[in-house]
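Here is the structure we will look at, set down as C-alpha cells.
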Amino acid sequence: MLDVQNLSTVFQVHSHEVTAVDQISFQIPEKTVVGLVGESGSGKSVTSQSILQILPPNGQIKSGQLHWKGQDLMQLSRKELQQIRGKEIGMIFQNPLSALNPVFTIGNQLIETICLHQNTSPKEARKIAASLLKKVNIPDPETRLDDYPHQFSIGMCQRIMIALSIASRPQLLIADEPTASLDVTIQAQILSLLNDLKSELNMSILLISHDLGVIAQHCDHILVMYLGKIVESGSPQDIFKSPLHPYTQALIKSIPIPDPNIKQAPELIKGDIPSPMNLPSGCRFHPRCPEKLSKCEKECPSLNTIKNTHKAACWLY
Ligand SMILES: Nc1ncnc2c1ncn2[C@@H]1O[C@H](COP(=O)(O)OP(=O)(O)OP(=O)(O)O)[C@@H](O)[C@H]1O
Ligand code: SF4
Ligand SMILES: [Mg+2]
C-alpha cells in the first residue's frame with residue numbers, strides 16, 4: 001500500500017547539508033503494523049514527515065520514491081496531497097496537547113474534521129463525534145464533547161487525538177511516539193486501543209518508538225533505524241529471537257526486565273549517537289560497535305536479506 005524506495009531527506013543547516021534519512025526502503029502492506037524503532041535522532045520523525053511531505057522549511061527530500069496505492073506521492077499537487085493527508089493517511093503525534101486547539105471544545109474540533117471529510121450535517125457529525133469518543137473509551141461521550149482540551153487528562157487527550165485521526169477512517173495511521181508522554185499503565189491502554197482499532201477499521205499502522213519494548217508486542221514487522229539508515233528489519237520473531245545487527249542486540253539488552261527475580265540490570269549502549277553533522281565513515285555504528293572489523297570503518301554495508309523476511313546491514317553477515 002505504501003512503498004518507500006531509496007528515500008533520502010536532508011536539512012540545510014547554515015551552509016551545511018545534513019542527511020537525516022539516507023537511502024531507506026520499506027513497504028507497509030494492507031492491515032499490517034510496521035514498527036520503526038531507534039534512538040533519539042535516528043531519523044524516525046523525519047521519515048514520517050517525508051512520507052506526508054510536512055518537512056520543516058529547511059528540509060527536503062533529496063532523492064527516492066514514495067508511492068501510495070500506486071500513486072507517486074511526489075508528483076501530486078498540494079491539493080491532491082491534502083486529500084490524502086488526514087483522509088487516507090492519518091497521523092498522531094507525541095504531544096497530544098500541541099495538536100489540540102485549546103480555545104475550541106473537543107466537539108468543535110471533531111465535528112470540523114468530520115464535516116471536512118464526510119458530507120454530513122452538523123447534527124449528524126455530532127453523533128459521529130460522540131461515537132468516536134466512545135470508540136476510544138472516553139466515558140460519557142455526549143457530555144464531554146462540550147469540554148475543552150484542558151479539562152481532560154493527558155492520556156485522555158491522546159485518546160481524543162486518536163479519535164480525530166480515525167474520523168476519516170484512514171487506511172494508514174502514522175503514530176509517532178504515541179505513548180511517549182504517558183505513564184506505563186496508560187501507555188499499555190493506548191497501545192491496546194490502537195490494536196483494537198486496527199482490526200475494527202482494517203487499517204495499517206506505522207508505529208514509531210524509541211522503545212523496542214513498546215514495539216515488541218504490537219507489530220507484524222519491525223524496522224530498526226540508526227543515524228538515518230535502516231540497519232535491520234524482520235518479523236518480531238526475527239528481531240527478538242535472533243537479532244543480527246550489534247545495534248539491535250544492544251537495544252534488546254537495554255530493555256529493563258520487569259521480573260523481580262531477575263537481578264540483571266539493563267545494559268546501556270556504549271557512547272552517544274553521533275551527530276548527523278559529522279557522520280562516522282563506513283558503518284555508522286562502528287564507533288560504538290563491540291564487534292567491529294577493520295573493514296567497518298571504511299565501507300558502509302548495505303541492507304541484505306539474510307533469511308526470508310530477515311535483513312541486516314552488517315559486515316558480520
Ligand atoms: N528542522 C531541522 N533542521 C535540522 N536538522 C533537523 C531538523 N529536524 C530534524 N533534524 C535532524 O534530523 C535528525 C533526525 O531527527 P528525527 O526528529 O527524525 O529523530 P527521531 O528519530 O524522531 O528522534 P526522537 O526519538 O528524539 O523523536 C536529527 O539529527 C535531527 O537533529
Ligand atoms: S558492520 Fe561492523 S561496525 Fe557495523 S555493526 Fe557490523 S560489525 Fe559492527
Ligand atoms: Mg521523533
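Long hydrophobic helices in the chain, taken as whole DSSP H segments with a C-alpha length of 27 Å or more on their own axis and mean Kyte-Doolittle hydropathy at least 0.5, are absent.
Just the number, please: percent antiparallel of the DSSP beta bridges in the chain, rounded to the nearest 5. Antiparallel bridges make up about 60 percent of those DSSP assigns within the chain.
GNM on the chain, alpha-carbon springs under 10 angstrom: the most fluctuating residue among GLU88, GLU124, GLU112 is GLU124. What residue among THR105, THR179, THR143 shows peak mean-square fluctuation when the chain is described by a Gaussian network model with Cα springs under 10 Å? Taking springs between Cα atoms under 10 Å, the residue moving most is THR143. Entry for region 197-317 at q = 0.09, 0.21 Å⁻¹: log10 I(q)/I(0) = -0.28, -1.27, Debye formula applied to identical alpha-carbon scatterers, no solvent contribution. Across the chain, how large is the tail of the calculated P(r) beyond 33 Å, expressed as a percent of all Cα pairs? Of the Cα pairs, 29 percent sit more than 33 Å apart.
Computed over region 221-317, relative contact order equals 29 percent, with contacts defined as Cα pairs under 8 Å that lie 6+ residues apart. For the residues ILE51, ILE306, ILE160, a GNM of the chain with alpha-carbon springs under 10 Å puts the largest fluctuation on ILE306.
Beyond 30 Å in Cα-Cα separation lie the following of the pairs LYS135/LYS229; LYS134/LYS229; LYS87/LYS253; LYS31/LYS241; LYS253/LYS311: LYS135/LYS229; LYS134/LYS229; LYS87/LYS253.
Over the residues of the chain, the helix contribution to mean residue ellipticity at 222 nm works out to -9000 deg cm²/dmol, using -39500 (n - 2.57) for each DSSP H run of at least 4. Residues ARG284, ARG169, ARG78, ARG126 in ascending order of nearby Cβ atoms (within 10 Å, fewest first): ARG78, ARG169, ARG126, ARG284.
Note on ASP176, ASP272: ascending count of other Cβ atoms within 10 Å places them as ASP272, ASP176, the fewest first. Ranking of SER254, SER233 by neighbouring Cβ atoms within 10 Å, starting from the fewest: SER254, SER233. Dividing the mean sequence gap of close Cα pairs (under 8 Å, 6+ apart) by how many residues the chain holds gives a relative contact order of 21 percent.
Computed from the coordinates by the stated procedures, all read-outs in this text should not be read as laboratory data. Predicted model only: the values in this text are computed from it and were never measured. Here Cβ is always computed from backbone atoms with ideal geometry, including for glycine, and neighbour counts include all displayed protein chains.
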